[in-house]
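Below is one structure, written out as structure tokens, with a few remarks after it.
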Amino acid sequence: MMIVSPTQATNGAPALSPQLPPRAGIGLKSQHYQQILERNPAVGFFEVHAENYLVAGGPFHHYLGLIRERYPLSIHGVGLSLGAQQPLDREHLERLASLLERYQPQAFSEHLAWSSHGDVFLNDLLPLAYDNATLTRVCAHIDQVQSRLQRQLLLENPATYVEFAHSSMDEAAFIGEVVRRTGCGLLLDVNNAYVSSINHHWDVQAYLHALPLHAVGEIHLAGFAEDRDAAGERLLIDNHGAPVDAAVWRLYTEVLQLIGATPTLLERDNAIPPLDLLLEEAQHAQALLDAIQPTRRQASA
Amino acid sequence: MNSQQDFFAALLDPERDCPADLKTWNGSDPAARFAVYRNNVLSSLIDALAASFPVVQQLVGEAFFRAMAAVYVRHSPPRTRILADYGTDFPTFIEGFAPAGSLPYLADVARLELLRIRAYHAADAAPLNPTVLAAALAVPERLGSLRLRLQPALGLLDSAFAVVSLWAAHQGALALAEVDPDQAQCALVLRNGLAVEVLGIRRGDLVFIQALLQGQPLGAATQPALASDPTFDLGACLAQLLRAGAITHCTYDKQRPLP
């Protein structure tokens, strides 16, 4: 299988190694464009959803272009449907390639999930059975994406609410195998790890330690909503609409101790608060990042 | 076997059982957990429609809008991964949605909002330098054969209802009580710099701009405009387009734009 790493030269040209700075970043929201340009807030990077910018022109591109001149950028896809039981949408992949060409982001990420069936797009990240058939399919899709984009993809661990009876491996082992086979990186969503561990009664420490932590290129932090399942047990919903929970902050600190300072995004996609509140959350993450000694990995980089 | 087929079918159909191969750690009914996915899909797509059609939502109220949008989402889920493009046939759906029958203008308000979304995200196009057009207009004997190209963001709506006033009332620009919804209006939607504008235009202007969009030169475009509206004023219409930055090229020859 093809392995694309960020330091690998792909066309004989000098190797490009775009990387996000190991600092805290926030999601870029259209209601904050002007304030960001006026105030130049001290954040490490911004992240956008790729699909919001797959439009021809207008204010979204105008402002993203200006903000990209000042900040590192992460482009986060929500529409590739890497886990779908059907071929990738080539047209969508081509549009993504153009977007990445235009904005030259330091990171590109997608989800371990499916979101399309036939020509219908469901706008949600749907769960996968962890078996050999899924593993082969997901790896083939990631190979296809990485060879078209000529860059490493960071794969995000999902938040899930159900498991599949015919899964033959656990999620962390599945992700480890995808990373090993494709050379993709891991976008470690600490909130998702916590949410799924509560929802499926996993040991979150064991889950984290079983992940390919050496491959983490970015961390996501977000808030969740709380519900109950049919037996009255806690069911956490990854809604990106609340501040980061204290338990997730604790887990994040533990992750940083394991892997060192890592680019960290505060995700908020619903009930978007004023920019200052997002910046405060990012500052909290930044303080935790500042308290972490560089790891050997980063010291030698 | 395509197990995602079952999952997919059950997501959009609340009458269907949840997929058979789901399990939960505590043996609880997976249907309660599957409902999270059902709700995520439906509510996120309703939210996308609410973001694109805010005035339609204001006109019918949030509860009615969400119920109407839920029927639409189940009937017409997105065939695009770009949510800005979702809902192109929502106005047609509204037209046939019997519970909204008491608001016959609702579909056209939705059409206007759709034009606004399109204009917002349309390709950028620099407006024509006014001196170039002024020079061309100063040669009256060639005026009839002058062709104008308009910005990609531009859209037109010919409505039997007061769509422009209804829309303006919901921007606080005029009082809703003063709007007679049964008064026919024509709308011109365009993007002036970064801002989308909704302009009320006369019927002759609409016919004229439609002809320009079809590639007709000024002479051929003016005839149907005057035929439909004897008060059509070519100079005023061109001035309005120019002021709004809507004209991007002018040429006597389709192949060679003027500088």
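Values in this text are rule-based calculations from the coordinates and carry no lab data. On a predicted model such as this, the values are computed, not experimentally measured, just so you know. Neighbour counts run over all protein chains shown; Cβ positions are idealised from the backbone, glycine included.
Quick rundown of the values:
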read-out	value
Order of A:Glu171, A:Glu110 under a 10 Å beta carbon neighbour criterion, fewest first	A:Glu171, A:Glu110
Neighbourhood charge, 10 Å Cβ-Cβ cut-off, centred on B:Val196 and excluding it, Lys, Arg +1 and Asp, Glu -1	+2
Cα-based Rg / Dmax (Å) for the protein assembly as shown	26.6, 85
Virtual paramagnetic centre 7 Å along Cα→Cβ of B:Gln58, amide N under 16 Å, in region B:155-195	B:162-181
Phi-based couplings in Hz for region B:185-198 (Karplus 6.51, -1.76, 1.60; Gly and Pro marked x)	9, 10, 10, 10, 10, 8, 10, 9, x, 9, 9, 7, 10, 10
Fraction of antiparallel bridges per DSSP, the protein assembly as shown only, in percent to nearest 5	50 percent
Fraction of beta bridges assigned by DSSP in chain A that are antiparallel (%, nearest 5)	20 percent
Amide H contacts under 5 Å for B:Leu22, placed H, 5+ residues apart	A:Ala165
Backbone HN-Hα couplings from phi across region A:94-107 [Karplus 6.51/-1.76/1.60, Hz, Gly and Pro as x]	5, 5, 4, 4, 5, 5, 5, 4, 5, 9, 6, x, 6, 8
Helical contribution to [θ] at 222 nm, DSSP H n ≥ 4, -39,500 (n - 2.57), averaged over chain B, rounded to 500	-14500 deg cm²/dmol
CD proxy at 222 nm, helix term only [per DSSP H run n ≥ 4: -39500 (n - 2.57); per residue of chain A; nearest 500]	-11500 deg cm²/dmol
Environment charge at A:Ser116 (Cβ cut-off 11 Å; Lys +1, Arg +1, Asp -1, Glu -1)	-1
Along principal axes, Cα extents of region B:1-146, largest first, whole Å	83, 39, 23
Residue-averaged beta-carbon neighbours from other chains (10 angstrom radius) around A:110-121	4
Pairwise Cα inverse-distance average, inverted: Kirkwood Rh of chain A (Å)	19.6 Å
Pair A:Gln35, B:Leu176: separation of 7 Å Cα→Cβ label points (nm)	2.9 nm
Residues whose placed amide H lies under 5 Å from that of A:Gly185, excluding near-sequence neighbours	A:Leu153, A:Leu154, A:Leu155
Residue-by-residue Karplus 3J(HN,Hα) for region B:245-252, coefficients 6.51, -1.76, 1.60, Hz, glycine and proline x	x, 7, 8, 10, 8, 9, 7, 8
Sequence-distant residues sharing a close amide H with A:Leu112 (under 5 Å, placed H)	A:Glu156
Anisotropy class of region A:63-158 from Cα gyration tensor, a/c 1.5 cut	prolate
Convex hull per residue volume in Å³, alpha carbons only, for chain B	179 Å³
Per-residue average of Cβ from other chains inside 10 Å of A:75-86	2
